[in-house]
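Structure first, commentary second.
The values are calculated or read from the model by the stated rules, or taken from the named source; none is laboratory data. Please read all numbers here as calculations on a predicted model, not as lab measurements. Cβ placement follows ideal geometry from the backbone for every residue including glycine, while neighbour counts extend to all protein chains displayed. Ligands, DNA and RNA are stripped out before the accessible areas are found, and what is left, the full protein with its side chains, is counted by its heavy atoms. Shrake-Rupley method; radii C 1.70, N 1.55, O 1.52, S 1.80 Å.
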Amino acid sequence: MHDSSSSHSSDGMNSKDVKVLTTPATNRSDIKVAEDGLILEDPATGEVRKVSASFAIDKEAESRLVWKFDIRILPTLAVMYLCNALDKGNLGNAKTAGLEKTLKLRGNQYNLILSIFFIPYVLTAPFLAMAGKKWGPSKVLPAMMMTFGLMTLLTVAAFNFAGLMCLRWVLGMAESAFFPLVIYYQTTFYRRGELARRLAIFYAASNIANAFSGLLSFGVFQIEGTSLASWRYLFIIEGGATMILAVFAYWYLPYDAQSARFLTEEEKKLAFLRIQLDSSSVVGEKLNLREAGRIFLEPTSWVILGIEMCLGAPLQSVSLFLPVIVKALGYNTVKTNLYTVAPNITGAVMLLILAFSSDLTRLRFPFVALGFAFTMTGMIIYACVDVESQLQVAYFACFMMTWGTSAPSVILDTWFNNNIANENKRIMLTSVGVPVANLMGVVSSNIFVPKDAPKYFPALITTAAFGGMGCLLTLLLGAYMILDNKRRDRKEGRKVRALDIPTEIMNEGPASASYRWFL
């Protein structure tokens, strides 16, 4: 590691005037952590000056390390999440190929099957997330994956409403903490300013899964003349592939950076320092439920949960009912599944654009708000136009729906994780917030009712209203953080960025005078 900058201005302080809290994990003995940030001490004169949290890190060595994480961890997680999204959302495709007729579903039974998934999803997520914190996401995630892959495969043996209900219940349990654990897992490898684009690459697998599901369904539904209904082959292929990949992930993913076989000893030390300075107050902190629960004493946590609720309705509506919405344009079953591909692909592209822009600007809340605005606008356009005479406009609205559903989820989760240095608090809020968003699938699955077909006007307006409220709450929370940062700057008499403060001294969160919100 080396001094990569000499442009920091001295504050004319002496070492005796500064209260040193600890020395970060670096081979530079002249760099220490003080109450208000990282300081560099001149051994000859005793003068100290404040420096950025990245000051002690060799940028070239860091780039090589991050690249190793990118090629080892990100593709594996992305494929795992692709399987997760396929196994969770394939009922929409199966419905277009006659699932309701094969299983003799009546009335609102299909909607109940969709809804039941989210009850165990919410109830079990915090417990599985805490298990992941205790035993490691690299072990718990593949175990969950093996379970929900098995439940998907067993769907081929469901022949009535009750059987499918039971399978969906266990599927909801197995998938509940998957996304929260992936978010937490990535925060142990990546710095705060690197996280959004990595999560976006991972989450884009969800959009690709929806597109791939449409293509896969298009091919599978051509199967005719067999003893099984064509939609059952979809579950055989997706469930079997998921279970095989779960075995690979268990062997391939590292427990943490310090035990990663693909890193050198120097790289392990650098990985520890990166997270200590710019992610966690205590790296690899032991599970402490009492400490984790204290996150709900922060008022901003409840606003975050409110935004998650507003996010959940549009997210689940598009995920579960895009094939149904597209089918309302008048296409047959095969074309309906094919025409869902392009909107989902552009949704993944827009997610990457917004996430990379968020990391580049080091801003989160404007891009969360923009995502909400896209989906809200798409829903309103589709609801207001005449689908038959304005087919192209209606189909474009489907694109806008997908543009805004993924970005708020990724960047919102990045935003509040960036503002929580305590690992226990971070996993707790994530394990509650993400399931709360998914719980809104109960709303989504019960507002798209057959009597409103083919336009589903009430459902579209309800979903748009959730999007509008989410946009408003996001802007209000962002404005509060800006004002609070300015208040803290005035109180200290100097302007400080969140990235200039090492997370090693931010364990107390907003209660600390040196704390700054990551916007």
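Count of the range 507-519 residues, restricted to those that are surrounded by 13 or more Cβ atoms within 10 Å (Cβ to Cβ), assigned to a loop (DSSP other than H, G, I, E, B) and among the small types (G, A, S), is 2. For the range 437-444, the condition holds for at least one residue, the condition being that it is touching an Asp or Glu at 6+ places or on another chain (Cβ under 8 Å) and closer than 30 Å to F127 by Cβ.
If I filter the range 335-344 for residues that are charged (D, E, K, R) and either over 18 Å from F212 (Cα atoms) or surrounded by 19 or more Cβ atoms within 10 Å (Cβ to Cβ) (or both), do I get at least one hit?
So far as the range 335-344 goes, no, none of its residues is charged (D, E, K, R) and either over 18 Å from F212 (Cα atoms) or surrounded by 19 or more Cβ atoms within 10 Å (Cβ to Cβ) (or both).
Among what's in the range 136-165 and is open to solvent by 30 Å² or more (accessible area, probe 1.4 Å) and over 17 Å from S176 (Cα atoms), pick the residue that is nearest to the chain's Cα centre (by Cα). Of everything passing the filter in the range 136-165, L153 is nearest to the chain's Cα centre (by Cα). Applying the condition of being part of a loop (DSSP other than H, G, I, E, B) and open to solvent by 60 Å² or more (accessible area, probe 1.4 Å) to the range 483-506 and asking which residue is nearest to R426 (Cα to Cα) yields R497. Only one of the listed residues (G89, G98, G132) is surrounded by fewer than 23 Cβ atoms within 10 Å (Cβ to Cβ), of a type in the set (G, A, S) and over 25 Å from A348 (Cα atoms). That residue is G98. Within the range 161-193, being at pLDDT 90 or above, of a type in the set (S, T, N, Q) and not in a helix (DSSP H, G or I) holds for one residue alone: T188.
What are the residues in the range 65-81 that are of a type outside the set (S, T, Y) and open to solvent by less than 40 Å² (accessible area, probe 1.4 Å), if any? Within the range 65-81, L65, V66, F69, D70, I73, L74, L77, A78, M80 qualify. Filtering the range 474-498 to residues that are in contact with an Asp or Glu (Cβ under 7 Å, 6 or more places away or on another chain) and among the aliphatic types (A, V, I, L, M) leaves only V496.
Applying a threshold of 6 Å to beta carbon distances and a minimum spacing of six or more residues, or different chains, the list of pairs starting in the range 155-170 at a residue that is over 17 Å from L228 (Cα atoms) and ending at one that is among the aromatic types (F, W, Y) reads R168/F117. So, F117, is that one under 30 Å from L429 (Cα atoms), surrounded by fewer than 16 Cβ atoms within 10 Å (Cβ to Cβ) and aromatic (F, W, Y) or not? In short, no. Out of everything in the range 321-332 that is of a type outside the set (A, V, I, L, M, F, W, C) and not in a helix (DSSP H, G or I), what residue ends up being least open to solvent (accessible area, probe 1.4 Å)? Among them, the one singled out is Y331.
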